[in-house]
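Participant: I have a structure here, written as structure tokens, and I will follow up with some questions on it.
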Amino acid sequence: VDAIDHLAALSNDPLGEIAPNLTDEINLGGTIRLATFARAAGVRRFVFGSSVAARPGALNRYGRIKHAIEKMLSGPVEIAARIGMVYGGRSASQWGTLVRLSRLPVLPMLEPGKAVQPIHLDDLCEGLIRLAMRPTLARTIYGLCDARTTTLGDILRTIAWIKHDSTLRILPIPARFALALVDG
């Protein structure tokens, strides 16, 4: 084995609220075991699929776990690819949800101005292959996303225009109003 691109993660409990110990065990413990086996087998490159959300003070468990995994990597053989919001490919998973939402004539939305850093699925695959196969790398963390940010609302409007030849109107919902509804 020349390289491993490790992209697996528990995604049905991203905040670890249902089973935090299981989430940690799968995402952190599983990655540690895989990296340990890769080291023992002499794998030349281990690329961990991280996230642009990875940081110690991330607002959710997902970002904090990704950051914890990045800290245990022993570069330059083991590196992290901080992946942005992936779009394109089959209309499944997150991309499928975005495509379905973009069909609506009006979309009520919290934080339509939230900044995102997109990357097309094809560009992501090319980047992961390049990171896995390049003989030497200068650092241990690489960004696989657009360096420029855009907003989630603009992404959805663009999908509506390209996929459905329509205009998506976004109705911003104030967070306080949404929280009051949840509390009620």
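Participant: Could you order 122, 165, 24 by accessible surface area, starting with the largest, using a probe radius of 1.4 Å? Let's see the in-between values first.
Facilitator: Details: 122 100, 165 130, 24 40 Å².
Greatest to least solvent exposure: 165, 122, 24.
Participant: Next question, about the same structure. Going 7 Å from the Cα of residue 91 toward and past its Cβ, which residues in the range 163-184 have a backbone nitrogen under 19 Å from where you end up?
Facilitator: Residues passing the 19 Å test: 163-169.
Participant: For Cα extents along the principal axes in Å, several values are listed as (i) 54, 38, 25; (ii) 79, 34, 31; (iii) 46, 37, 29; flag the one computed from this structure.
Facilitator: Only one option fits the structure, namely (i).
Participant: Among the trypsin sites (Lys or Arg not before Pro) in the range 91-177, which ones are in a DSSP loop with at most 13 other Cβ atoms within 10 Å of the Cβ? Mind listing them? Kindly include the intermediate steps, with their values, before the conclusion.
Facilitator: On the way: sites: 100, 103, 114, 130, 139, 148, 157, 163, 169, 176; in loops: 103, 114, 139, 148.
Passing sites in the range 91-177 are 103, 114, 139, 148.
Participant: What distance in nm lies between label points placed 7 Å from Cα along the C-beta direction at residue 179 and residue 161?
Facilitator: It works out to 3.4 nm between the two label points.
Participant: If R₀ is 41 angstrom, what is the calculated FRET efficiency for the pair residue 33 and residue 110, using the beta carbon separation as r and rounding to 0.05?
Facilitator: Taking R0 as 41 Å, the efficiency between residue 33 and residue 110 is 0.65.
Participant: Sticking with this structure for a sec: What distance in nm separates the simple spin-label points at residue 55 and residue 41, each placed 7 Å from Cα in the Cβ direction?
Facilitator: 3.5 nm
Participant: Could I ask something else about it? Using modelled backbone amide H atoms (1.01 Å from N, in-plane), which distant-in-sequence or interchain residues come within less than 5 Å of residue 120's amide H?
Facilitator: Result for residue 120 returns 87.
Participant: Cross-link candidates for residue 114: which lysines have Cα within less than 24 Å, leaving aside residues fewer than 8 places away along the same chain?
Facilitator: The qualifying lysines are 66, 163.
Participant: Right, here's the next one. Run through the range 48-87 and list the chymotrypsin sites (Phe, Trp or Tyr not before Pro) located in a DSSP loop whose Cβ has at most 15 other Cβ atoms within 10 Å. Can you show the working numbers first?
Facilitator: Values: sites: 48, 62, 87; in loops: none.
Of the chymotrypsin sites (Phe, Trp or Tyr not before Pro), not one in the loops of the range 48-87 has a Cβ with at most 15 other Cβ atoms within 10 Å.
Participant: Under unit Cβ charges (Lys, Arg +1; Asp, Glu -1), what dipole magnitude, rounded to 20 debye, does the chain have relative to its Cα centre?
Facilitator: Working: 22 positive and 16 negative charges, 54 e Å.
Value, rounded to 20: 260 debye.
Participant: Just to confirm my numbers, what's the Cα centroid distance between the range 75-108 and the range 34-58 in Å?
Facilitator: 21 Å
Participant: Same structure again: Taking the chain as a Gaussian network, where each spring joins two C-alpha atoms under 10 Å apart, which residue of 58, 132, 35 fluctuates the most?
Facilitator: Comparing 58, 132, 35 in the GNM, the peak value goes to 58.
Participant: Nearest 5 is fine: what % of DSSP beta bridges in the chain come out antiparallel, could you say?
Facilitator: On the way: 2 of 23 bridges.
Counting DSSP beta bridges with both partners in the chain, the antiparallel share is about 10 percent.
Participant: Evaluate the charge dipole of the range 86-184 about its Cα centre and quote only its size in Debye, nearest 20, assuming +1 on the Cβ of each Lys and Arg and -1 on the Cβ of each Asp and Glu. Intermediate values should be presented prior to the final figure.
Facilitator: On the way: 12 positive and 8 negative charges, 6 e Å.
The dipole of the range 86-184 has a size of about 20 debye.
Participant: A follow-up question, please. Counting helices only, and only those DSSP H runs with n ≥ 4, report the 222 nm mean residue ellipticity of the chain as the sum of -39,500 (n - 2.57) divided by its residues, in deg cm²/dmol to the nearest 500. Don't jump to the answer; show the numbers that get you there.
Facilitator: Values: 7 runs with 74 residues, N = 184.
Mean residue ellipticity at 222 nm (helix-derived): -12000 deg cm²/dmol.
Participant: Taking amide H atoms as placed 1.01 Å from N in the peptide plane, list the residues 5 or more away in sequence, or in a different chain, whose amide H sits under 5 Å from that of residue 82.
Facilitator: 50, 142, 143, 144
The values are calculated or read from the model by the stated rules, or taken from the named source; none is laboratory data. For clarity, every value in this text was computed on a predicted model and none was experimentally measured. Don't worry about glycine lacking a Cβ; one is built from the backbone with ideal geometry, like all the others, and counts go over all protein chains shown. Each accessible area value is taken on the protein alone, full model and side chains, heavy atoms only, with ligands, DNA and RNA left out. Shrake-Rupley method; radii C 1.70, N 1.55, O 1.52, S 1.80 Å.
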